[in-house]
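Below is one structure, written out as structure tokens; comments come after it.
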Amino acid sequence: MSTTPTVLRDWRNLPAAARGACVALGNFDGVHLGHAHVLRTAHAARPGLPLAVLTFEPHPREHFRPDDPPFRLTLSAARAAALGALGVQYVYELPFDAAFSLMTAEAFVAEVLHAGLDARHVVTGPDFAFGHRRGGGTAFLAARAEALGIGVTAAPVLSDAGGPISSSRIRRLLQDGYPERAAGELGRPWAIAGVVAHGDKRGRTIGFPTANIALGRHLEPARGVYAVTVRLPDGGVVPGVANIGRRPTVNSGPESRLEVNLFDWSGDLYGQELAVSLHAFLRGERRFSGLDELKAAIGADAARARELLED
């Protein structure tokens, strides 16, 4: 049952209603089918308790390796919405900073799970590790939590013919240009959400006005052209065609961005947040000889995108 979860960013001084839940632990980047399996396991373990997720913001990898390229599948708001769609009522989104990274596994169980959340049951994937230097694993958690009266379940890995379903596998699919396969493992099309910014307005001069969105902390998928749908702030969904990349024909800058042309739609979107879902990869990024060749290619891309999205 879909819900709008309550997001709490501290484990201390929680309201009474937010304590005593069955809590799934993990990063939940992407909220894919494997994560849904963990949540089903949690609900089955204690169906009478509120269902909650304990996760972190930023992702611990962003804290420890800040110079890595962006890799996130879902940022905070999109992750919470996806968890809510799976029935999660509470999201404990704990700030992951230098001080938190030094918390021992023992303290995490005693102070966060027991004293703070009053968790009645916790569920993890089999490879969950936590605490300073990842000092605690599933066996440690089971021993310490159960001593405090907290039930523990390790959810088995959800696999298919290609192996375990994981966020890292979905990232590779997107980077290799297979958004439809990524969607199959996510349970929905992958989307980039962001605020529309002013671009160079070149698109409107060749008949294809675009909304420009920075990728920010999102993973950069394969550069090129995609058939997409766009969710507007009012909840409406519009088909379109998008380019992700550095636009080599008209731009020499280093920063990739998403530019989307919404079919049969006009209006002012500056400053508004859109969510752009990738449905099919049409072609890789190319440099054209000039604007005329670019315009012809975009026209062909748009026609192909319309065809795919109408099927």
Q. Out of (1) modelled with pLDDT of 95 or more; (2) within 30 Å of Ser266 (Cα to Cα), what's the single condition that is false for Lys201?
A. (1)
**Q.** Scan of the range 247-276 for residues that are in contact with a strand residue (DSSP E or B) (Cβ under 8 Å, 6 or more places away or on another chain), modelled with pLDDT under 95 and among the polar types (S, T, N, Q), ordered by number
**A.** Ser256
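Provide a single number: the residues in the range 76-102 that are part of a loop (DSSP other than H, G, I, E, B) and surrounded by 19 or more Cβ atoms within 10 Å (Cβ to Cβ).
Within the range 76-102, residues that are part of a loop (DSSP other than H, G, I, E, B) and surrounded by 19 or more Cβ atoms within 10 Å (Cβ to Cβ) number 4.
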Q: Being part of a loop (DSSP other than H, G, I, E, B) and in contact with a Lys or Arg (Cβ under 8 Å, 6 or more places away or on another chain) narrows it down to one of Glu220, Glu255, Glu259, so name that one.
A: Glu255
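Being out of contact with any Pro (no Cβ under 9 Å at 6 or more places or on another chain), assigned to a loop (DSSP other than H, G, I, E, B) and of a type in the set (Lys, Arg) is the requirement here; does Arg12 meet it?
yes
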Q. Taking the range 10-51 on its own, how many of its residues are under 18 Å from the mean Cα position of the chain (by Cα) and of a type outside the set (Gly, Ala, Ser)?
A. 11
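The values are calculated or read from the model by the stated rules, or taken from the named source; none is laboratory data. What you see is a predicted model; the values in this text were computed from it and never measured. Because the Cβ atoms are built from the backbone with ideal geometry, glycine has one as well, and the counts that use them run over all protein chains shown.
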